[in-house]
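Enquirer: Quick one: the structure is below, questions incoming.
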Amino acid sequence: MSKLVVCLTGMPGAGKSTIVSKLKEQGYETFSLGDGVRSEAKRQNLEPTGENLGKLMLELRQKNGPGAIAELIKESIQNSTHEIIIIDGVRSIHEINVIKKTGNVKLLAVIASANTRFVFLSERKRSDDPLTRDKFEERDNREIGVGLQEIIQLADESIENNNVTIDQMVDSAIKIFQNWTEN
């Protein structure tokens, strides 16, 4: 059986990383496209601010093509011995096309309202999280600009993250994976 590569997509703050960290605790192998950008920023001695990471993401895509961010983790996915691998933060069809070279790809969208997402990001406080509504909207627009909305619409399945617990969200995701591996 070829590996099932589950790509999580959704707007910033929708809950993708939260689901991924819980799945990792349960033994799933996980990779993050954002981590690929963060490690490239570190390699280039760039401070990991939202502005720097956003600019680097766009530069890498411009220089190496629209699938460039997925290329940063492709080898790790191919070398994995796990049957189900979770990829966090897929933003475009070009990234999906790169990842498709590593196994059977399914796309899972995490959907949350703008208010829910802004609150999550405000509370998370990662170095690249927006602290104002303007920065939040600027980031959303940058993500939409690289094809995020299109990829969300192409998802094989989606789960809602409005008024649910983390455990309910993770359970929904796992049920979907099980369904995908059985079919």
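Enquirer: What pairs can you find where one residue is in segment 85-104 and over 13 Å from residue 6 (Cα atoms) and basic (Lys, Arg), the other is open to solvent by 10 Å² or more (accessible area, probe 1.4 Å) and in a loop (DSSP other than H, G, I, E, B), and their Cβ atoms are less than 9 Å apart, with a gap of 6+ or different chains?
Expert: Hits for this filter: 91/146; 91/147.
Enquirer: Which residues, counting only those in segment 103-127, are over 26 Å from residue 48 (Cβ atoms) and hydroxyl-bearing (Ser, Thr, Tyr)?
Expert: Scanning segment 103-127 gives a single hit, 113.
Enquirer: In addition: Here are some residues: 5, 90. Which one is at pLDDT 95 or above, aliphatic (A, V, I, L, M), in contact with a strand residue (DSSP E or B) (Cβ under 7 Å, 6 or more places away or on another chain) and not in a helix (DSSP H, G or I)?
Expert: Sole residue among the options that is at pLDDT 95 or above, aliphatic (A, V, I, L, M), in contact with a strand residue (DSSP E or B) (Cβ under 7 Å, 6 or more places away or on another chain) and not in a helix (DSSP H, G or I): 5.
Enquirer: For a quick check of your reading of the model, give me the residue pairs whose first member lies in segment 146-161 and is within 21 Å of residue 118 (Cα to Cα), whose second is open to solvent by 10 Å² or more (accessible area, probe 1.4 Å) and of a type in the set (Ser, Thr, Tyr), with beta-carbon atoms closer than 8 Å and at least 6 apart or on different chains.
Expert: If the second residue must be open to solvent by 10 Å² or more (accessible area, probe 1.4 Å) and of a type in the set (Ser, Thr, Tyr), the pairs left are 152/158; 159/172; 161/116.
Enquirer: Can residue 96 be described as in a helix (DSSP H, G or I), open to solvent by less than 50 Å² (accessible area, probe 1.4 Å) and under 29 Å from residue 52 (Cα atoms)?
Expert: Answer is yes for this residue.
Enquirer: Same structure again: Looking at segment 51-73, which of its residues are touching a residue at least 24 places away in the same chain (Cβ under 8 Å) and open to solvent by less than 40 Å² (accessible area, probe 1.4 Å)?
Expert: Once the filter is applied, which keeps residues that are touching a residue at least 24 places away in the same chain (Cβ under 8 Å) and open to solvent by less than 40 Å² (accessible area, probe 1.4 Å), segment 51-73 yields 53, 54, 57, 61, 65, 67, 69, 70, 73.
Enquirer: Need the failing condition index for residue 23 against (1) open to solvent by less than 40 Å² (accessible area, probe 1.4 Å); (2) in contact with a helix residue (DSSP H, G or I) (Cβ under 6 Å, 6 or more places away or on another chain), just the number.
Expert: That leaves (2) as the condition not met.
The values are calculated or read from the model by the stated rules, or taken from the named source; none is laboratory data. From a predicted model like this one, the values you see are computed outputs, not experimental measurements. All Cβ positions, even for glycine, are placed from backbone atoms using ideal geometry, and neighbour counts span all protein chains on display. We work out accessible area using only protein heavy atoms, side chains counted, and drop any ligands, DNA or RNA first. Shrake-Rupley method; radii C 1.70, N 1.55, O 1.52, S 1.80 Å.
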